[in-house]
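Engineer: So that we are looking at the same thing, I have put the structure below in structure tokens.
The values are calculated or read from the model by the stated rules, or taken from the named source; none is laboratory data. Note that the structure is a prediction, hence the values are computed from the model and not measured. Neighbour counts are summed over all protein chains in view; Cβ atoms, including those assigned to glycine, are modelled from backbone coordinates with ideal geometry.
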Amino acid sequence: MDYKQLKDDIKNHAAALGIDKIGFTSADPFLSLKDILLAHREKGYESGFEEPDIDRRVYPELSFEEPRSIVSIAIAYPSKLQNPPRSEKGAYRGIIARSAWGEDYHVVLRDRLAKLESFIRERVPDARMLSMVDTGVLSDRAVAERSGIGWSGKNCAVITPEWGSWIYLGEMITNIPFPPDTPVTQSCGECTACIDACPTGALVGPGQLNAQKCVSFLTQTKGMIEDDEMKRKIGNRLYGCDTCQIVCPINKGKSWDHHPELQPDPEKVKPLLIPLLTLTNREFKEKFGRSAAAWRGKKPIQRNAILALGNFRDESAVPVLSQLLKEDPRPEIRGTVAWALGRIGGEEAAQAVARALDTEPDEAVRTELRKAVNMREEVLNK
């Protein structure tokens, strides 16, 4: 079998498979990654969403018997909304990160990888292949970088010369000995725009992310966000954060609309905030079920919507927030409402907080209620 010719055939056919860029690398261990991952863990920078076994992230042979190659794919996604709805007083909106626009990228990438597997199997019937998307054990970025897809940016994203960093990544381990591609030699150079713009200082150095401070990570947690500064830094983000990609000069002017299933519905990716607060599980599934933003359920998005209303200081939201404070069974939601009411201020919000202090059984929520009282007192004393 001429594996170089097969590789060329795959590259020539990639666009027909819906793949924007494809690269090949050996299945050798990612030894340089191991020290980085160990240091990351030692410093407490992990998100907790990663594969916990570092060796499995480094050694492909722990997931696939006798691997010979890894194939990396990239699919470009849009970064700009056509005719985006605007936030207005009394009708404020949140924003969902571009990585969750359109159909869930896990579904899209699995479809592309399945098509790639079929293309290969027609030519190599006994080929063995194992495809992974995001939740696989390997580091998508490390595979993509070694496969020549792009370079690892200071914002921890893989940046391609053609598509910028607005790309989804997936990979496939196989027993086919494809000749490897050459890594991209381009780099970020002296640019530190992403590090300078990070809202919380989570980019602690070039290519180093403290996930515990990352707004994208915070928006996906399920509990109450205790740090008041972090609550403010989230702004009106409902899921994810694009700041470090938006400011990247390589991404300037880049937006892709050639994958119809990835095109966003403006009303879903920049939704009105107040209606989100009372969504039932069924309504949430209907609105967000096909989006990658749905994977953690409705509670994080509702909590983030409450934070956004507080950050907007939206007085029109006080009645519905007061109702949630009184009736919602979830302490994370009640505690977040308490903070938002304190931030919004005004007599109606203060009365809702005072009433809740008389009946609230959860101590963490009571702490937030007392903070809200203090916020009001600080305003009155100015």
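Engineer: Quick one: would you say residue 148 is buried (at least 20 other Cβ atoms within 10 Å of the Cβ), part of a loop (DSSP other than H, G, I, E, B) and either charged (D, E, K, R) or over 17 Å from the mean Cα position of the chain (by Cα) (or both)?
Structural biologist: Yes; evaluated as a whole, the condition is true for this residue.
Engineer: With the structure loaded, tell me whether residue 174 is surrounded by fewer than 17 Cβ atoms within 10 Å (Cβ to Cβ) and more than 22 Å from the chain's Cα centre (by Cα) or whether it fails that test.
Structural biologist: Numbers: surrounded by fewer than 17 Cβ atoms within 10 Å (Cβ to Cβ): no; more than 22 Å from the chain's Cα centre (by Cα): yes.
When the stated conditions are applied, residue 174 does not pass them.
So that you can scan it fast, the table gives a plain yes or no per residue for (1) without any contact (Cβ under 8 Å) to a residue 60 or more places away in the chain; (2) in the same structural domain as residue 26 (by TED's automatic domain parsing):
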site: 120; (1), (2): no, yes
site: 129; (1), (2): yes, yes
site: 165; (1), (2): no, yes
site: 183; (1), (2): yes, no
site: 187; (1), (2): yes, no
site: 198; (1), (2): yes, no
site: 210; (1), (2): no, no
site: 218; (1), (2): yes, no
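Engineer: Please go through segment 170-180 and pick out each residue that is assigned to a loop (DSSP other than H, G, I, E, B) and of a type outside the set (A, V, I, L, M).
Structural biologist: Those that are assigned to a loop (DSSP other than H, G, I, E, B) and of a type outside the set (A, V, I, L, M): 175, 177, 178, 179, 180.
Engineer: Right, next: Looking at (1) over 22 Å from residue 329 (Cβ atoms); (2) buried (at least 19 other Cβ atoms within 10 Å of the Cβ), find the lone condition where residue 267 falls short.
Structural biologist: Here residue 267 clears every test but (2).
Engineer: Next up: Of the residues 49, 64, 24, which single one is at pLDDT below 95 and either in a loop (DSSP other than H, G, I, E, B) or among the aromatic types (Phe, Trp, Tyr) (or both)? Full working, then the answer.
Structural biologist: On the way: 64 fails: at pLDDT below 95; 24 fails: at pLDDT below 95.
Just a single option satisfies the conditions, and that option is 49.
For every residue, the table says whether it meets (1) farther than 27 Å from residue 5 by Cα; (2) assigned to a helix (DSSP H, G or I); (3) touching a strand residue (DSSP E or B) at 6+ places or on another chain (Cβ under 7 Å).
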| residue | (1), (2), (3) |
| --- | --- |
| 168 | no, no, yes |
| 182 | no, no, no |
| 194 | yes, yes, yes |
| 199 | yes, no, no |
| 217 | yes, yes, no |
| 223 | yes, no, no |
| 231 | yes, yes, no |
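Engineer: Let me ask something else about it. Of the conditions (1) surrounded by fewer than 16 Cβ atoms within 10 Å (Cβ to Cβ); (2) under 25 Å from residue 250 (Cβ atoms), residue 126 satisfies every one except a single condition; which number is it?
Structural biologist: Of the numbered conditions (1) surrounded by fewer than 16 Cβ atoms within 10 Å (Cβ to Cβ); (2) under 25 Å from residue 250 (Cβ atoms), the odd one out for residue 126 is (2).
For every residue, the table says whether it meets (1) touching a Lys or Arg at 6+ places or on another chain (Cβ under 6 Å); (2) among the acidic types (Asp, Glu); (3) closer than 30 Å to residue 109 by Cα; (4) not assigned by TED's automatic domain parsing to the domain that holds residue 227.
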residue: 295; (1), (2), (3), (4): no, no, yes, no
residue: 302; (1), (2), (3), (4): no, no, yes, no
residue: 306; (1), (2), (3), (4): no, no, no, no
residue: 325; (1), (2), (3), (4): yes, no, no, no
residue: 334; (1), (2), (3), (4): no, no, no, no
residue: 337; (1), (2), (3), (4): no, no, no, no
residue: 366; (1), (2), (3), (4): no, no, no, no
residue: 370; (1), (2), (3), (4): no, no, no, no
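Engineer: So, residue 272, is that one at pLDDT 95 or above, surrounded by fewer than 18 Cβ atoms within 10 Å (Cβ to Cβ) and of a type outside the set (Asp, Glu) or not? Break it down into steps so the answer makes sense when it comes.
Structural biologist: On the way: at pLDDT 95 or above: yes; surrounded by fewer than 18 Cβ atoms within 10 Å (Cβ to Cβ): yes; of a type outside the set (Asp, Glu): yes.
Against the criterion (at pLDDT 95 or above, surrounded by fewer than 18 Cβ atoms within 10 Å (Cβ to Cβ) and of a type outside the set (Asp, Glu)), residue 272 qualifies.
Engineer: Let me ask something additional. Would it be correct to say that residue 59 is surrounded by 17 or more Cβ atoms within 10 Å (Cβ to Cβ), aromatic (Phe, Trp, Tyr) and without any contact (Cβ under 8 Å) to a residue 60 or more places away in the chain? Lay out the reasoning, then the answer.
Structural biologist: Details: surrounded by 17 or more Cβ atoms within 10 Å (Cβ to Cβ): yes; aromatic (Phe, Trp, Tyr): yes; without any contact (Cβ under 8 Å) to a residue 60 or more places away in the chain: yes.
Considered against the rule, which asks whether it is surrounded by 17 or more Cβ atoms within 10 Å (Cβ to Cβ), aromatic (Phe, Trp, Tyr) and without any contact (Cβ under 8 Å) to a residue 60 or more places away in the chain, residue 59 comes out as yes.
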